[in-house]
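Report on one structure; see the data block that follows.
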Amino acid sequence: MGVLCDYFHATDHTLAVNQAIGPDGDWLQGTSLEEAGADWIDAKGLDPNVVLAQLVVYAEGVGFAEQQDKPELIWPTQPYPQGEPIEPDSPWETGLLLQKLPDRWRDILASLPEDAVPMVAAQWYEIQEIDFADYLDAKNAVETFMALAARARAAGAHLYCRCSV
């Protein structure tokens, strides 16, 4: 079983939680991002912490070790119950995570020059953590993230990722 990731933009955490999880974080009342009216992309196994982070470092032209920014967990808001069983009514039991991506990542992706896309896609295509169908699949994914980031920046919004484990 893999991790499914959807990326979207929202102006604030409250709207992001309402769109991605459900009203006020009520996952039992949640709908799809499409039904919630979000501008979103389905990125399947492209997780934000490793896979998307690598795209950002290639786009920025720095090494992965130099990347200081990381996504911020927005939901669940309760701390993970370390060393304790997860209660059936716990939001951690849902398998849903909502993370806000650094605005700097949004800006790097939105500003990536078109002539840099082939090289960035070629580098990203080679990572071990994801198996793109081919180079064009990686290139299309880069362009899709660039477009979403540009729309988010134009709207004055933040990028978020909802992962379903």
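The values are calculated or read from the model by the stated rules, or taken from the named source; none is laboratory data. No experiment lies behind these values; they were computed from the predicted model shown. Cβ: placed from backbone, ideal geometry, glycine included. Neighbour counts: every protein chain shown. Note: areas computed on protein heavy atoms with side chains; ligands, DNA, RNA excluded. Shrake-Rupley method; radii C 1.70, N 1.55, O 1.52, S 1.80 Å.
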- Message: Quick check on my filter: what residues within the stretch 5-48 are open to solvent by 70 Å² or more (accessible area, probe 1.4 Å) and in contact with a Pro (Cβ under 7 Å, 6 or more places away or on another chain)?
- Response: W27, Q29
- Task: Go through the residues of the stretch 2-16 one by one and say whether even a single one is under 28 Å from A110 (Cα atoms), in contact with a helix residue (DSSP H, G or I) (Cβ under 9 Å, 6 or more places away or on another chain) and outside any strand (DSSP E or B).
- Result: yes
- Message: Considering only residues that are over 16 Å from the mean Cα position of the chain (by Cα) and farther than 20 Å from A133 by Cα, which ones fall in the stretch 35-58?
- Response: E35, A36, G37
- Message: Quick check on the stretch 64-74. Is at least one of its residues under 18 Å from the mean Cα position of the chain (by Cα), part of a strand (DSSP E or B) and buried (at least 18 other Cβ atoms within 10 Å of the Cβ)?
- Response: yes
- Item | Search result, residues across the stretch 125-165 that are among the β-branched types (V, I, T), in a loop (DSSP other than H, G, I, E, B) and open to solvent by 20 Å² or more (accessible area, probe 1.4 Å) | I130, V165
- Message: Of the conditions (1) open to solvent by less than 20 Å² (accessible area, probe 1.4 Å); (2) without any contact (Cβ under 8 Å) to a residue 60 or more places away in the chain; (3) part of a helix (DSSP H, G or I), A122 satisfies every one except a single condition; which number is it?
- Response: (1)
- Query: Yes or no: L98 assigned to a strand (DSSP E or B) and open to solvent by less than 20 Å² (accessible area, probe 1.4 Å)?
  - Reply: yes
